[in-house]
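A short worksheet on the structure shown next.
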Amino acid sequence: MVRELWDSGSPDAARLVASPTSTRATVVEDEVLPRDWRLLLFQDNAPHGLALYAVAGPEGSAMVLSRRPEGYAKFADEAGIGVDSTDEALTTAEFFLDRTRALHVHQSVLHTPSDAVLSRFADVSKAEEQLERAVKAPSVKQTRNGYRIILYVQRGDRVDRWKGAVTRSGRIEGAFTTVIEGLPVDLPR
């Protein structure tokens, strides 16, 4: 994993993963992972330090996921991810969006408008109205090659609509479109 980070031009992340004295590594349970794979969360012990997700598999296979959708694609191929239902497609898309994001920005999939995290200290009534109008439940439709998905994702102080596709082999592609900006939040933007 250190070699993959170093070779990809991420020396700070490589140092983070390589240092047992300044880094905490945690195994994170997740239903998307095949039984012989582990999801790891590496966190710098310094406040607000670097953090990243990676997967480790049999025979030394390792891929960094955070900020690296191409790492997820390699993982899906090597792990033999299979997606056989709309529920699995939704779970796989949520895994992809959460695990390939930059961890220093709050991000969560919104299943309902009330899932958004808003400020505890500001008037949020206008934001709640915006959310009610804009945010819809996740949509998953089966296609000939897999599944078409639409999700609403809070990313810091905005909500984006993600339209994407999940293939039966777990490959994912998609794009974000901003639908709400400037939400009152107490979170880092």
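The values are calculated or read from the model by the stated rules, or taken from the named source; none is laboratory data. These figures come from a predicted structure and were not determined experimentally. Reconstructed Cβ throughout: ideal geometry from the backbone, glycine too, with neighbour counts over all protein chains shown. SASA here: full protein model, heavy atoms, side chains in, ligands and nucleic acids out. Shrake-Rupley method; radii C 1.70, N 1.55, O 1.52, S 1.80 Å.
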*To the nearest 20 debye, what is the magnitude of the charge dipole of region 82-188 about its Cα centre, counting +1 on the Cβ of each Lys and Arg and -1 on the Cβ of each Asp and Glu?*
480
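Using 0.36 nm per residue, how much length does the chain from Asp84 to Ala175 gain when fully extended, once their Cα-Cα distance is taken away? Show your work: numbers first, answer last.
On the way: separation 91, 0.36 × 91 = 32.76 nm, distance 2.26 nm.
Using 0.36 nm per residue and subtracting the Cα-Cα distance, I get 30.5 nm.
Counting only other residues whose beta carbon sits under 15 Å from that of Trp162, what net charge do I get with K and R as +1, D and E as -1? Let's see the in-between values first.
On the way: positive: Arg99, Arg101, Lys136, Lys141, Arg148, Arg155, Arg158, Arg161, Lys163; negative: Glu94, Asp98, Asp115, Asp160, Glu173.
After counting each charged neighbour, the total is +4.
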_Under the rule of at least 5 residues apart or a separate chain, name every residue whose amide H is placed under 5 Å from the amide H of Ala62._
Gly57
*What list of ³J(HN,Hα) values in whole Hz, one per residue of region 141-158 in order, does the Karplus curve 6.51 cos²θ - 1.76 cosθ + 1.60 (θ = phi - 60°) give from phi, with Gly and Pro shown as x?*
10, 6, 10, 4, 9, x, 9, 9, 10, 10, 10, 10, 10, 7, 10, x, 9, 9
*Answer with a single label: of (i) 51, 35, 30; (ii) 51, 46, 26; (iii) 46, 39, 29, which was calculated as Cα extents along the principal axes in Å from the structure in view?*
(ii)
_Heavy-atom accessible area per residue - the chain, 1.4 Å, Å²_ = 55
_Just want the answer: with Cβ charges of +1 for Lys and Arg and -1 for Asp and Glu, which residue in Val27, Gly80, Gly60 is farthest toward the dipole's positive end in the chain?_
Gly80
_Computing the accessible area with a 1.4 Å probe over protein heavy atoms, can you report the carbon and sulfur percentage for the chain?_
47
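Please work out the FRET efficiency for the pair Ala25 and Val109, using the Cβ-Cβ distance as r and a Förster radius of 35 Å; give the result to the nearest 0.05.
Numbers: r = 25 Å, r/R0 = 0.73.
It comes to 0.85.
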*Residue by residue, what Karplus-based ³J(HN,Hα) values in Hz, rounded to whole numbers, does region 88-99 have, using 6.51, -1.76 and 1.60 with θ = phi - 60° and x for Gly and Pro?*
5, 5, 5, 4, 5, 5, 5, 4, 4, 5, 6, 7
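Please give the contour-minus-distance gain from Lys163 to Gln142: 0.36 nm per residue of separation, less the Cα-Cα distance, rounded to one decimal in nm. Don't skip to the answer; put the middle values down first.
Values: separation 21, 0.36 × 21 = 7.56 nm, distance 1.38 nm.
Full-extension gain reported as 6.2 nm.
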_How charged is the neighbourhood of Thr112? Take every other residue with its Cβ under 14 Å from the Cβ of Thr112, and add Lys/Arg as +1 and Asp/Glu as -1._
-1
*How much mean residue ellipticity at 222 nm does the chain get from its helices, if each DSSP H run of length 4 or more adds -39500 (n - 2.57) and you divide by all residues, to the nearest 500 deg cm²/dmol?*
-7500 deg cm²/dmol
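At 0.36 nm per residue, and after removing the present C-alpha to C-alpha distance, how many nm does the segment from Ser61 to Leu41 gain when stretched out fully? It would help to have the intermediate numbers written out before the result.
On the way: separation 20, 0.36 × 20 = 7.20 nm, distance 1.60 nm.
Once the chain is fully extended between Ser61 and Leu41, it gains 5.6 nm.
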*How many lysine pairs does the chain hold where the Cα atoms are under 25 Å apart and the two sit 8 or more places apart or on different chains?*
5
